Every structure is written in C-alpha cells, then in structure tokens.
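A.B. asks: Sharing a structure below in structure tokens format, with a few things to ask.
The values are calculated or read from the model by the stated rules, or taken from the named source; none is laboratory data. From a predicted model like this one, the values you see are computed outputs, not experimental measurements. All Cβ positions, glycine included, derive from the backbone under ideal geometry; neighbour counts span all protein chains shown.
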C-alpha cells in the first residue's frame, strides 16, 4: 500500500499544470462551437446545394462541372460534414478527399475530428485511423486535438465509441513515432467520461518503457490512477517493469504482493519481468528462488525465463551455474536459441574459459542454430582478450566463409587484441583491410591503437593516430585525450601533456575528473606542485568535484616535498567534502613524516589508519614498515616488525620485501640476505619484487656476480624476470663496465618479448658513454627516438658522455634537438653543460648557459653554483665568486660543503678573516664540514699572519669534528714556525698534535731525549728550536 501512496503524492505536484491546460481547453471548446454555428449560418445555401449533389452516385462529376469549387473553403466543408452527419460516412470521406484535392489546402481541425467520429459510428475504424493520421500530419498541439475530438464525440457519437476514437488518436501518434505527443493527449483527460481504453493505455506504458521515457511513463501511470483506469495484470506488469528499470526491485516485489491481495494473479510475463529485474541487480539467488516458486502458482518457466537467468548468471561471472540452467532447460524440453547460447559463450569468454566457450559454440552448431554476428563478436572479443590472436583471426575467416560480413566492431576487437600484444604491424594491416572493405574505423578502433602506442611509450605515433582520427571525421573523446595525456606523463614529458590538455579544451572537449586527475597526479609526481594546484583550482571553477585520487595526489606531492602543513590543509578540506582518506593518503603522511624524521607524527598517522580500519592490521603495519624502510629508518622499521610479530600477525611477502628493500638500499646486504633466508624458513615465498630489491642492492654494492646468481635463481624458482629485473642487472653490468654481458641480457630481454623501456636503454647508453663508445650510444639513442621513448634522462646521459669526451659542439646540438622535439631540459641538463664549460675555462659560455637556464624557469641547484664557483676560482675572479655566492643565498639555494670550502678559501686568500669565521660558525650550526685541504690552508694562513691562538682554536674545531691535519701539513707547520724562530708556538702546536694523537707520543719522547743528549753545549733557545725542528722532521 505504501507504493500507491507514493505515486498519489505525485499528483498535487502537477495540479497547477493541469488547471492551466483545463482553462485553455475550455476557451478553445467555446471557440470551436461558435465557429461551427457561424460557418453553417453564413454558408447555408452552398451547404444545401452540395448536400443535394452528394445524394447522387456521380456527385463528383456533377460538382466538377458546377461552380461549387469556387464556393469551397474549410468552413463550408466543415458545415457540409455537420449537415450530413447521418449520411454515408464513406461518401463524406470521398467528398473530404475530393475537396482537399481541389483546394490544395488542409481542412480545419474540426472537419478531421467530425469525419473520424462519423466513420467510427459506422465501425469504419481503419478509415477513421487514416483521417486521424492526416490530422496529426498538420501538427496541431495535442491539447487542441484532444479538445476537438472531445467536442465532436459529445455531438456526433452515436454508438458510444468514445474510447475507440481516443485509442485511434493515441495509436496514430504512436505509429508516427510521436510517443510524447500521444502521452500529452492522454494527460489532457479530465475525467473518466472521455478516455482511451485500458488496453490502449497499457500499450502506451509499454512503448514508453521500451524508449526509456521514464518521466513520461510515471505521468501517464499517475493519470491512469487519477481517472480510475485499471489497473489490470498488464498495467501491473508494466509497473513492475518500470520499477525494475529504475533499479527499484524491492518495490517491484511489493507490487506482486499487492496484485495477489487484489485477486489478480501474476502471469508468466509478470514473473519474467521481475526475474529480469532481479538479474539486473545481481540478486541471482533470489531470481532463482522466484523461478522455483512459479511452479507453486501453476506456472511453468519458458525459454525466455531460462534465457534471462542464463544471461544474468553469465554477466555476474557465474557461467558454470548458467550452464547447469541450460542443461535443466533442455531437460524440460525447451530449446535454447542463439541468444541463450551467445550469453553462455560470452560468459565463459569473460571468465577466461575459452575451451568451454568453444565447446558451447560447437554444441550450438550441432543443434542446428546458426551463429550470428553477435555470437562471433563474443567469441572474437573473448579470444582477443586472452591474447590468442591466431584463434581470433581464424574465427574472422570462418565468419566470412559462412557469408557473414564482419563489422567495424569485429575488426576493432582484433586490432585491440594485436595492440595489447604489442603487435602493431598486424594491427595496422587489419586497419588497412578494414578500409579496403569500406568499413570506417570507429572511435573504439582508434582509441585501442592510441592506448597501445601510449602503453609502449610511443606517444609521438599515438598523437599522429589522433590527428588521423580527426581527419576521418571522428571526434576524439575525453577518454582519447586522457590516454594521450597519461602517455606523455609516463614518458616524463609534462610540458607536452599540458599542451595536449589545452588543445582538448580549445576543441570544445570538456575535461572530466579522470582527465584532471591524470594531469594533477603527473604534475605532483614531477614535483610541480604550483601547476598541480592551478589545475586543481580550475577543476573546482568548472564545477567538478575532486575525489580521493585528486586529494591523494596533492597530499602525496606536498608530503614528498616535506610541506606537511599544506598537505594537512588538503586533508582537512578532503574531510569537509565528506571524502574518507584512503590508504594512499595515510601512506603519504606516514612517508612524509618519516622523511622529516618525525617518527612520532608518523606513528600518529599509522594509529589513525588502524583506528579507521582503512586496511587490515597486517597491511597497515606493512605500510608503516615500507615507509620507514624507504626513508632509511631501518631501526624503527625493524622495531615495527618485532611489534607486528608480538601481535601474532604473520608477515607476508610484502612486509619482508619492504625490509629487504630498505636494507638493500643502505647496502646492508648481510641483513637483507638473512631476511631472504628467514622468509623461506617461514614458508613465505619471495616474489619478483623481493629479488629485484636484492639484485639492485648487490649491483650497487659491486657484487655483480652474486646479483647474477640471484637473477638466474628467479627462473629456477618459477618466477619470470620482468622489465625491472632486467633493467637492474643490465644497469649493474653497464656501470661496472661489462658491456658484453649487459648487451647479452639486453638481447635476451627482447627475445623473451619483454619491452625495453627508457631505463634499460639509458643504462646501456650510459655504459657506452663511460667506455667512450659514443657511436654505439648514438645508435641506441636513434632506436629510442624511433620508438618514441627518448626522455630527458636519455639526452642528459648522452650530453654528459659528449662533455666527458670534450665534444662541446655535439653536446650543445643535443640540447637543441631536445628543444626541437619538445622534450624539456632540466636543471641537470644545464648543470652538465655548465660544469663542462667551467672545467674548460670557458666561463663566458658557462654564464650564457646559466642565464638561459633561468630564462626557462629552471632553478639552479647547489651543484650548478658549485661548478660556476669552481670555474671562477680557477681564474682567480674573487669578485665574481662573492657575487655568485650572494645570488645563491638570495635564490634560497642551500650551500653545501663544496660551496663553503670554495668561499672560505676565497675569503682566506683575500684576508677577510671576519667572513671566514662567520662561515665556520654557519658550517658548525648546519652540521657541515670543510674539506681537509681547506683546513690545512686555513691553519697555514693563520700562522703566516702570526695569529697563533686562532690557529690553535681551529685545531680544536678540527678534532671535535673528527678531522686531522695531514702528515705533510703537520711537518710543514712545525718547520715553518721553527724557521721563523717561533719555537714556543711550535712547541704548543706539537703538544696539541700529540694530544690529538695526530703524531706518535713515543716517537716524540725518544726524539726529544736523543736531541737533549747531543745538544747540552748549546744555548737553551738553540736547543729548543733544534729539538722541535728535528721532531718535526720525524712526524
């Protein structure tokens, strides 16, 4: 009963619309009545003359030979119909048609309505239908048609055929495809006096359902209730169908109960409709139970019932249960049709059970059911999905052999399959074959190719395909552009990704949330947080709602940049929007706090994640251990591992792999390998990620042979080395100079069908550059350009190789090539070139590159400044050094030990001791230290200036920092002091050196005694100076 009340509540909402329509109807009704009276009074003589002629069988000849034609007009014809309402309606129809041919204009609305009613009075329903269709062709508003018919029914209806005439009008509208107008006419009904039949209304409801015009459907249904029309079993069945279509299956079930309460028994069709609704909402067990309950009602499921269930089970990946239903169906003597079999084939294909799907196909053929286009589409789509392209091509040939013409969709499945298998030549051949058969590639076809090319990082070719797509008149969708944007982002070309994004907007294709997310995520990963924030703001301006992935990307980016306060603000905003933080967000915070060394905050984030049950406890601990290990906090990671065990949680492969990765990155391969043995003992099988971490650690530790043993072990243990495994070991061999083995693995990788990515190519190019084999490096580089996978890192590697070979011109040409290919150089690119020119003493060229770098909005790094400072230091340009150092500080770049050492040396040579000591204080505060040779120079310079106490203080500073003067520096210092007759000072320095254990005390004591024995005859000053000098020679 609740359901009916729900719909009755809808009626008042529409009352004001109906009142307005009612007032229009009243005014138009009065107009038509007045018009009828006036037209008859003014044309009475003509009407009577025509009426007399119509009594003759040869009326048309008589009228044609008279001057009647000149007197004809729509009002006269209407009056004639009215005057002869009791005459033969077929003759009146003939006159109606004759007058239309003579006048060449349409009759007025009332003439059509009068004639239709008169024909219905004589049961000439098909003829009445024809008149109504002609009326509708004149396209009057539906409420005027309703008013005209109502007024004519009131006056001319002789056989109570009001519902018939309304049925004819509504059916005519439907036949002409004017469903909304048909519904509008029915909605004009004010009461039950003049109303279409229940059969007509049920048919209208059914047609509205088929066209998914649900809003109109409910308005028509409400009107039926309002005028007390029905409902009967067909109305109820339509009602259940409508509810199921909108996913309101529970309400559909309530209607069944209501039917039974009202004594209306649901029939087979009603049950089928509800079973279909249950299947659509994945309530399969309930649908099955409903099928079983049909028997209690004396109903037997038919073929359609079983087809619905088979399709429902298949769509929910329960194909084997669907097959049992097929067996049951056949056991009851019901014959499955091609729809049932196709559903089953598609179901098994989607579950990857190709063999079973092909068996069903054979069974289908054996039953004499011909495979149609839909069946072949399911088969070809399925085999292509699992990569069996030979089978897919074979099915295509079979299809053609049976006389079925493959469509663009079939070819698209095959093209997508070849693309997925990275067999682009075969895909292009099929594309050409399509065109030869005059089949136009669809958006799906082009998207498949673009997606495949982006997957193998050949984004330049993918963009050309996009241009071809546009040339063919197919408008790329936001999905197409998003795929390209992702492709450029994965290739490290953020600039081109942003250009494509802007191009998309210029072409009137609005970006959606997924598109913005791709760009925001890419920029955040690239550390370009300002631009990511701009796109986030633009997204909000467009009225799009960011989701967990958008916020997650920004939070992750700011955490990575150690901007934890900004990240926290986004977390707060995310919570305000009702978006629950996911594991990615929590991981970012844990990771960010670990980077900051703020373990307490990391633990708070971890505890909150446990509390919110974002992940199971084991996974949450694994996330914590992974973040700690990734950030080098191995002591804390090991403690978390112990705590995990104490809670009786069993570490899995992910937990162990995180710890192994952390130890491997720190070069602690002993602990990493111990953990490998422990996980084996615990029955946890290492995966390829575990091996990749160990191989990487061993390669970086120089244990390349042990790394190779583990590489071979992966295959022996049933693991397939992936692109990361190959890339890691190839990089290891390249760095240790064993290019023969590196290239052997490089070739092996390609033979096994593992695509070589930019990292692999960069590794071997770097190896060739180190060996000075730039020709081979360039050859590999050309391969990368051809594949569209050359990245900024590739160019940097080659530029560095040319610089080390003193080929400046070639290095600069590569920089220009980068710009021509829209591959953005980074600060690393410019720093390599600046350092090279500084080493050659080409400071003017280095300064030009430094300026160009900043003009491209690239921020110089500490290394960039160090290279320039070193270059100017060699040329003795102290003023330039000071100017550059001040520029470094103004730009917020943190100086390191190298920069400080250069500046201390410069100020020392200039004698600016105030600035020297200021810098030493800065170094101490920052926990940095100078190079030992700079300390040596400082001590020597202070002694030359006879600032002995300051020099002794420096020795104290050195000892506190764990530094010491070199042996030569100690000797030279003591000798210089003795020779300048500063023997007391020399003695103090010598005493300090002995105290700091920079020289042996036993040696000093023996030497002093030996000198005393030999020099008793000398004066005290002479003895002291000679003693210290002799000792200094022995240090």
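A.B. asks: Please work out if residue 258 is modelled with pLDDT under 90, farther than 27 Å from residue 201 by Cα, surrounded by fewer than 21 Cβ atoms within 10 Å (Cβ to Cβ) and not assigned by TED's automatic domain parsing to the domain that holds residue 207.
C.D. replies: It is false that residue 258 is modelled with pLDDT under 90, farther than 27 Å from residue 201 by Cα, surrounded by fewer than 21 Cβ atoms within 10 Å (Cβ to Cβ) and not assigned by TED's automatic domain parsing to the domain that holds residue 207.
A.B. asks: I would also like to ask the following. In the stretch 756-776, which residues are under 35 Å from the mean Cα position of the chain (by Cα) and part of a helix (DSSP H, G or I)? Can you show your working first?
C.D. replies: Applying the first criterion (under 35 Å from the mean Cα position of the chain (by Cα)) to the stretch 756-776 yields 756-766.
Scanning the stretch 756-776 gives 758, 759, 760, 761, 762, 763, 764, 765, 766.
A.B. asks: Let me ask something else about it. Only one residue in 2, 114 is surrounded by 17 or more Cβ atoms within 10 Å (Cβ to Cβ) and either modelled with pLDDT under 50 or out of contact with any strand residue (DSSP E or B) (no Cβ under 6 Å at 6 or more places or on another chain) (or both), so which one is that?
C.D. replies: Numbers: 2 fails: surrounded by 17 or more Cβ atoms within 10 Å (Cβ to Cβ).
Being surrounded by 17 or more Cβ atoms within 10 Å (Cβ to Cβ) and either modelled with pLDDT under 50 or out of contact with any strand residue (DSSP E or B) (no Cβ under 6 Å at 6 or more places or on another chain) (or both) holds for just one of 2, 114, which is 114.
A.B. asks: If a residue has to be surrounded by fewer than 20 Cβ atoms within 10 Å (Cβ to Cβ) and assigned to a loop (DSSP other than H, G, I, E, B) to count, how many in the stretch 706-747 make the cut?
C.D. replies: If we filter the stretch 706-747 for residues that are surrounded by fewer than 20 Cβ atoms within 10 Å (Cβ to Cβ), which is where we start, we get 706, 708-709, 712-713, 715-720, 722-724, 735-741, 743-744, 747.
Right, trim to assigned to a loop (DSSP other than H, G, I, E, B) and you get 717-720, 722, 736-738.
Number satisfying all stated conditions: 8.
A.B. asks: Now a separate question. Report the residue count in the stretch 590-599 for those that are assigned to a helix (DSSP H, G or I), over 14 Å from residue 625 (Cα atoms) and at pLDDT 80 or above. It would help to see each step written out before you state the result.
C.D. replies: At the first step, the residues of the stretch 590-599 found to be assigned to a helix (DSSP H, G or I) are 590-596, 599.
Add one more test, that the residue is over 14 Å from residue 625 (Cα atoms), and what stays is 596.
With the extra rule that they be at pLDDT 80 or above, the set shrinks to none.
Matching residues across the stretch 590-599 total 0.
A.B. asks: Here's another thing I want to ask about it. Out of all the residues in the stretch 830-838, is one or more touching a residue at least 12 places away in the same chain (Cβ under 8 Å), at negative phi, surrounded by fewer than 17 Cβ atoms within 10 Å (Cβ to Cβ) and not assigned by TED's automatic domain parsing to the domain that holds residue 497?
C.D. replies: There is no residue in the stretch 830-838 that is touching a residue at least 12 places away in the same chain (Cβ under 8 Å), at negative phi, surrounded by fewer than 17 Cβ atoms within 10 Å (Cβ to Cβ) and not assigned by TED's automatic domain parsing to the domain that holds residue 497.
A.B. asks: Additional query: Among the candidates 579, 555, 566, which residue alone is outside any helix (DSSP H, G or I), in contact with a helix residue (DSSP H, G or I) (Cβ under 6 Å, 6 or more places away or on another chain) and farther than 19 Å from residue 485 by Cα?
C.D. replies: On the way: 555 fails: outside any helix (DSSP H, G or I); 566 fails: outside any helix (DSSP H, G or I).
Being outside any helix (DSSP H, G or I), in contact with a helix residue (DSSP H, G or I) (Cβ under 6 Å, 6 or more places away or on another chain) and farther than 19 Å from residue 485 by Cα holds for just one of 579, 555, 566, which is 579.
A.B. asks: Then there's this: Anything in the stretch 852-868 that is more than 35 Å from the chain's Cα centre (by Cα) and either modelled with pLDDT of 95 or more or crowded, with 21+ Cβ neighbours inside 10 Å (or both)? List them, or say none.
C.D. replies: Taking the stretch 852-868 first, the residues more than 35 Å from the chain's Cα centre (by Cα) are 852, 862-868.
Within the stretch 852-868, 864, 865, 866, 867, 868 qualify.
A.B. asks: Sort out for me the helices (runs of 4 or more DSSP H) sitting completely within the stretch 93-160 that have 2 or more residues that are under 26 Å from residue 70 (Cα atoms). Reasoning before the result, please.
C.D. replies: Numbers: elements: 109-121, 125-137, 142-156.
In the stretch 93-160, the matching helices (runs of 4 or more DSSP H) lie at 109-121, 125-137.
Okay, residues lined up against (1) over 21 Å from the mean Cα position of the chain (by Cα); (2) not in a helix (DSSP H, G or I); (3) not assigned by TED's automatic domain parsing to the domain that holds residue 394:
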position	(1), (2), (3)
418	yes, no, no
430	yes, no, no
446	no, no, yes
449	no, no, yes
462	no, no, yes
475	no, yes, yes
484	no, no, yes
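A.B. asks: Tally time: how many residues in the stretch 347-371 are touching a helix residue (DSSP H, G or I) at 6+ places or on another chain (Cβ under 6 Å) and over 15 Å from residue 314 (Cβ atoms)?
C.D. replies: 1
A.B. asks: Could you say whether any residue in the stretch 343-357 is more than 31 Å from the chain's Cα centre (by Cα) and either at pLDDT below 85 or surrounded by fewer than 21 Cβ atoms within 10 Å (Cβ to Cβ) (or both)?
C.D. replies: Scanning the stretch 343-357, I find at least one residue that is more than 31 Å from the chain's Cα centre (by Cα) and either at pLDDT below 85 or surrounded by fewer than 21 Cβ atoms within 10 Å (Cβ to Cβ) (or both), so the answer is yes.
A.B. asks: I'd like to know if the stretch 201-219 contains one or more residues that are touching a helix residue (DSSP H, G or I) at 6+ places or on another chain (Cβ under 6 Å), farther than 23 Å from residue 275 by Cα and not in a helix (DSSP H, G or I).
C.D. replies: no
A.B. asks: Please enumerate the residues belonging to the stretch 785-806 that are surrounded by fewer than 20 Cβ atoms within 10 Å (Cβ to Cβ), free of Cβ contacts under 8 Å to residues at least 60 places away in the same chain and under 22 Å from residue 456 (Cβ atoms).
C.D. replies: Of everything in the stretch 785-806, those that are surrounded by fewer than 20 Cβ atoms within 10 Å (Cβ to Cβ), free of Cβ contacts under 8 Å to residues at least 60 places away in the same chain and under 22 Å from residue 456 (Cβ atoms) turn out to be 785, 786.
Table: residues versus (1) at pLDDT 75 or above; (2) surrounded by 12 or more Cβ atoms within 10 Å (Cβ to Cβ); (3) within 25 Å of residue 145 (Cβ to Cβ).
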position: 24; (1), (2), (3): no, yes, yes
position: 46; (1), (2), (3): yes, yes, no
position: 66; (1), (2), (3): yes, yes, no
position: 78; (1), (2), (3): yes, yes, yes
position: 88; (1), (2), (3): yes, yes, no
position: 92; (1), (2), (3): yes, yes, yes
position: 95; (1), (2), (3): yes, yes, yes
position: 99; (1), (2), (3): yes, yes, yes
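A.B. asks: Looking at 824, 809, which is the one that is touching a helix residue (DSSP H, G or I) at 6+ places or on another chain (Cβ under 6 Å) and either more than 23 Å from residue 904 (Cβ to Cβ) or in contact (Cβ under 8 Å) with a residue 24 or more places away in the chain (or both)? Walk me through it before giving the result.
C.D. replies: On the way: 809 fails: touching a helix residue (DSSP H, G or I) at 6+ places or on another chain (Cβ under 6 Å).
The unique qualifying residue is 824.
A.B. asks: Quick check on my filter: what residues within the stretch 188-200 are surrounded by fewer than 20 Cβ atoms within 10 Å (Cβ to Cβ) and assigned to a helix (DSSP H, G or I)?
C.D. replies: 198, 199
A.B. asks: Of all residues in the stretch 432-442, how many are in a helix (DSSP H, G or I) and either buried (at least 20 other Cβ atoms within 10 Å of the Cβ) or outside the structural domain of residue 410 (by TED's automatic domain parsing) (or both)? Show your work before the answer.
C.D. replies: From the stretch 432-442, those in a helix (DSSP H, G or I) are 432-436; that's our starting set.
So of that shortlist, the ones also either buried (at least 20 other Cβ atoms within 10 Å of the Cβ) or outside the structural domain of residue 410 (by TED's automatic domain parsing) (or both) come out as 434.
Adding up the residues that qualify gives 1.
A.B. asks: Determine whether the stretch 544-561 contains at least one residue that is farther than 28 Å from residue 635 by Cα, under 18 Å from the mean Cα position of the chain (by Cα) and exposed (fewer than 14 other Cβ atoms within 10 Å of the Cβ).
C.D. replies: yes
A.B. asks: Then there's this: Among the candidates 380, 386, single out the residue that is assigned by TED's automatic domain parsing to the domain that holds residue 430, modelled with pLDDT under 85, over 23 Å from residue 253 (Cα atoms) and in contact with a helix residue (DSSP H, G or I) (Cβ under 8 Å, 6 or more places away or on another chain).
C.D. replies: Numbers: 380 fails: modelled with pLDDT under 85.
Every option except 386 fails the conditions.
A.B. asks: Which residue is surrounded by the most Cβ atoms within 10 Å (Cβ to Cβ), if the candidates are limited to the stretch 885-911 and must be at pLDDT below 80 and farther than 22 Å from residue 964 by Cβ?
C.D. replies: 907
A.B. asks: Moving to a separate point now. Under 6 Å between Cβ atoms, at least 6 apart or on separate chains: pull out the pairs that start in the stretch 162-191 with a residue that is assigned by TED's automatic domain parsing to the domain that holds residue 225 and end on any residue that is in a loop (DSSP other than H, G, I, E, B) and buried (at least 24 other Cβ atoms within 10 Å of the Cβ).
C.D. replies: Filtered contacts from the stretch 162-191: 163/196; 166/196; 167/196; 170/196.
A.B. asks: Picking from 267, 238, 276, which residue would you name as being surrounded by fewer than 18 Cβ atoms within 10 Å (Cβ to Cβ) and either at pLDDT 90 or above or touching a helix residue (DSSP H, G or I) at 6+ places or on another chain (Cβ under 8 Å) (or both)? Step through it out loud before you land on a result.
C.D. replies: On the way: 238 fails: surrounded by fewer than 18 Cβ atoms within 10 Å (Cβ to Cβ); 276 fails: surrounded by fewer than 18 Cβ atoms within 10 Å (Cβ to Cβ).
Matching residue, one of 267, 238, 276: 267.
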